[in-house]
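Rule-based calculations on the coordinates, nothing more; no lab input. Bear in mind the structure is a predicted one, so any value in this text is a computation, not a measurement. Counting neighbours? That spans all protein chains shown, and the Cβs are built from the backbone with ideal geometry, glycine included.
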Amino acid sequence: RTVYVNGDYVAEQDAKVSVFDRGFLLADGVYEVSSVLDGKLIDFSGHMQRLKRSAGALELALPWDDEALLTIHRELIRRNALEEGMVYLQLTRGSAGDREFHYPGADTPPTLVLFTQAKALIAGRSGNDGIRIATQPDWRWARRDIKTVQLLYPAMAKMAAKAAGADDAWLVENGVVTEGASNNAWILTQDGVLVTRELSHAILPGITRAVVLELAEALSLRVEVRAFSVEEAQNARECFVTSASSFVTPVVAIDDIAVADGRPGQVTRQLRDAYIEESRRRAI
Ligand code: PLP
């Protein structure tokens, strides 16, 4: 694979980042994941807008504009002949050479790394058959709206979910679901109302979530933006998650309780199809 590091396209085994990089030592960095379908980028401008927001929240310099970032994404897709999968982008604060808590001076260059990862997004098993969820306490920090690379707790929650026989984790705090460990959580109530949590510091403002909200409106679905409990989700007509790499993925069980008949719901399927169709149409 060819990867990108600070201006250079290099073979992955030749890529180098300093051991003093603050991303490595302190998780001082942000990231984005953009999906690729038919060799084209999905929701690219949304992801770059959020990257700027995350970097801004951490006073992290981003000396590349959207056009420069698009060029790098496209060049990596081309060099790796990527048809379907993801482009991962990571921006860290670099390092002035020592381990130090305080940010280094503004003249310290940040570290920008991008790489591609091939993955079957359309035909993948999860998206079509659905996934089983195990709930875990939400023990992450209080600024989950910033997409930082500090992902140890989501990794632990996914391992705990796997040990419980599930495919993924939903994180729960004060009796309500905040979001998935790496996606936003949704339910369709028995009354046919689509529910997903309101934006705040508690959750990541999903780019896929925003597009699915638009599609729901276009399909004239009733929508409520509010939190829901695990019990409400277990008793819902349908449940699903959204993220760049999973699009819209049905949830068929939560803590070993089947959602409805334990099969992907009809509205979920409709939204998945609509998201894929719209994404293909808008891809760049
Ligand atoms: N919430 C969390 C915690 C995530 O890590 C992600 C994606 O990685 C999402 C939500 C979904 O965001 P997006 O749709 O922009 O991929």
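Rounded to the nearest 20 debye, what is the charge dipole size of region 176-284 about its Cα centre when +1 sits on each Lys and Arg Cβ and -1 on each Asp and Glu Cβ?
My answer is approximately 400 debye.
In deg cm²/dmol, rounded to 500, what helix-only [θ] at 222 nm does the chain give when every DSSP H run of at least 4 residues adds -39500 (n - 2.57) and the total is split over its residues?
It comes out at -9000 deg cm²/dmol, rounded to the nearest 500.
Compare Val223, Val87, Val33 in a GNM of the chain, Cα atoms joined below 10 Å, and give the one with the largest fluctuation.
Looking only at Val223, Val87, Val33, the biggest GNM fluctuation is shown by Val223.
Could you give the size of the charge dipole of the chain about its Cα centre, using +1 on the Cβ of each K and R and -1 on the Cβ of each D and E, expressed in debye and rounded to the nearest 20?
For the chain, the charge dipole is close to 280 debye.
Which length gain, in nm to one decimal place, applies between Phe24 and Ala218 when the Cα-Cα distance is subtracted from 0.36 nm times their residue separation?
65.5 nm
Using the basic label-point model (7 angstrom from Cα toward the beta carbon), what is the Gln150 to Gln270 distance in nanometres?
Rounded to a tenth, the inter-label distance reads 4.1 nm.
Anyone know which of Met159, Met48, Met86 comes out most mobile in the 10 Å Cα GNM of the chain?
Residue with maximal mean-square fluctuation among Met159, Met48, Met86: Met159.
To the nearest 20 debye, what charge dipole does region 2-118 have about its Cα centre, counting +1 at the Cβ of each Lys and Arg and -1 at the Cβ of each Asp and Glu?
Computed charge dipole of region 2-118: roughly 120 debye.
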